[in-house]
Amino acid sequence: MQKEGLRELLKNITEGKASDQEIRLFNRYYRAYQDEDSEWDSVEMGAQQEVHDELKRSILQRIKPVKVVPFWRKPLPVAAAVAAVLLISSALFFTRGDDRDQILAGKNTAILTLSNGKSIPLSETKNGLVIDASKISYNDGTSVAAYVGSDSMSTAGLKISTPRGGTYEVILADGTHVWLNAASKLEFPAQFSGKQRLVSLTGEGYFEVASNKQKPFKVLSGGQAVEVLGTHFNINAYEDERAIKTTLLEGSVVVSSDSGYELLKPGEQAVNANKHISVSKVNVSIPVAWKNKQFLFERESIQSIMRMVERWYDVEVSYSAEIPEETFSGGVSRFDKLSEVLKSLESTGKVKFEVKGRTVHVSM
């Protein structure tokens, strides 16, 4: 690429006008620049310091005061501008020679526990589980387990749990789809009976509830209840988080606890913390990004981000010192290696990582 062409590309990137093709081209230059064996080609790419200064002035006007992690698939307009900073900053290079490249992303894995206590490891080559009146099968029709003996399909209690580094989908007997994030557990009956459809969630799940006006669907999680007739929503109820977050995408839900209740409308999130429920408008793509195979952050602390990393990559995280109140925005694919996630965070110049075995040490 000629110098003028590169400048035009960078101009489009810093202004958030770059096409997907231009983003891919830019990322190719970025990766080449990151390679420790590569050198800046001044003839092709222009004077390095000149490009550095020009981009820095332009980009800092757009991203202050939030430190932004790069999005390689351009889900937000500011992503392209931020990516340009990464190319030219000497702070981009991450510590090499540790174990980060050995740690792979999570996968489809879960344990199904039957009402008699029997545990069945679910196939990693399948995407999900289907519950019906006579059997439990994978979503390709392959049988998992049949009920025998005195088990009653109307009362049998089932449980599906994902480990750290695992995710799974289950289609309940009423047709409701549930996607479980890592380190999560869903308890439910083999067949719904009575006046309501009741399930229990620990961790995080995304629900697409089959409509049934005569039989409300209720999710119990961490001291709160979410009641719906038919809708799409996400619940984050991990025990190590400070609050339970319920985000509504479609329909309506009632979130209730001992402190009261709130009716959510699409695009709203209920935060249940310290025995109080607050409701606000949110960008719903952020809380449900995990279900769409992405990590997306918006003004998140490094501690919050690293809790997501712990669950999905099945690692331990330690901090070398007191961590300042920095926030990060951006995202990467959930199916990249751990090294790609850490590299994106390190590219801000505000945090560093060292990986030994399955422990990630964080310093800022």
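The values are calculated or read from the model by the stated rules, or taken from the named source; none is laboratory data. Computed from a predicted model, the values in this text were never measured in an experiment. Note: ideal-geometry Cβ built from the backbone for every residue, glycine included; neighbour counts use all protein chains shown.
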Item to check | Boolean, residue 173 is assigned to a loop (DSSP other than H, G, I, E, B) and buried (at least 22 other Cβ atoms within 10 Å of the Cβ) | outcome: no
Next on the checklist: Could you go through segment 327-345 and let me know if any residue there is surrounded by fewer than 16 Cβ atoms within 10 Å (Cβ to Cβ) and more than 25 Å from residue 179 (Cα to Cα).
Outcome noted: no
Next on the checklist: Take residue 262 and tell me if it is part of a loop (DSSP other than H, G, I, E, B) and in contact with a strand residue (DSSP E or B) (Cβ under 9 Å, 6 or more places away or on another chain).
Outcome noted: no
Item to check | Positions within segment 292-318 being within 19 Å of residue 166 (Cβ to Cβ), basic (Lys, Arg) and in contact with a Ser or Thr (Cβ under 8 Å, 6 or more places away or on another chain), in sequence order | outcome: 293
Item to check | Residues satisfying the stated conditions in segment 201-225, i.e. under 19 Å from residue 175 (Cβ atoms), surrounded by fewer than 20 Cβ atoms within 10 Å (Cβ to Cβ) and either of a type in the set (A, V, I, L, M, F, W, C) or in contact with an Asp or Glu (Cβ under 7 Å, 6 or more places away or on another chain) (or both) | outcome: 210, 212, 216, 218
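Yes/no per residue for (1) part of a strand (DSSP E or B); (2) modelled with pLDDT under 95; (3) small (Gly, Ala, Ser):
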{"position": "271", "(1), (2), (3)": "yes, no, no"}
{"position": "297", "(1), (2), (3)": "yes, yes, no"}
{"position": "309", "(1), (2), (3)": "no, no, no"}
{"position": "325", "(1), (2), (3)": "no, yes, no"}
{"position": "340", "(1), (2), (3)": "no, yes, no"}
{"position": "360", "(1), (2), (3)": "yes, no, no"}
Item to check | Of residues in segment 210-225 being in a loop (DSSP other than H, G, I, E, B) and polar (S, T, N, Q), the one farthest from residue 246 (Cα to Cα) | outcome: 214
Checklist entry - Inside segment 176-198, can you point out the residues that are part of a loop (DSSP other than H, G, I, E, B) and either of a type outside the set (A, V, I, L, M) or modelled with pLDDT under 95 (or both)? => result 176, 181, 184, 190, 191, 192, 193, 194, 195, 196
Checklist entry - Is one or more of the residues making up segment 305-320 small (Gly, Ala, Ser) and surrounded by 13 or more Cβ atoms within 10 Å (Cβ to Cβ)? => result no
Next on the checklist: I'd like to check something: does segment 92-111 contain any residue that is over 30 Å from residue 297 (Cβ atoms), at pLDDT 50 or above and in the same structural domain as residue 191 (by TED's automatic domain parsing)?
Outcome noted: no
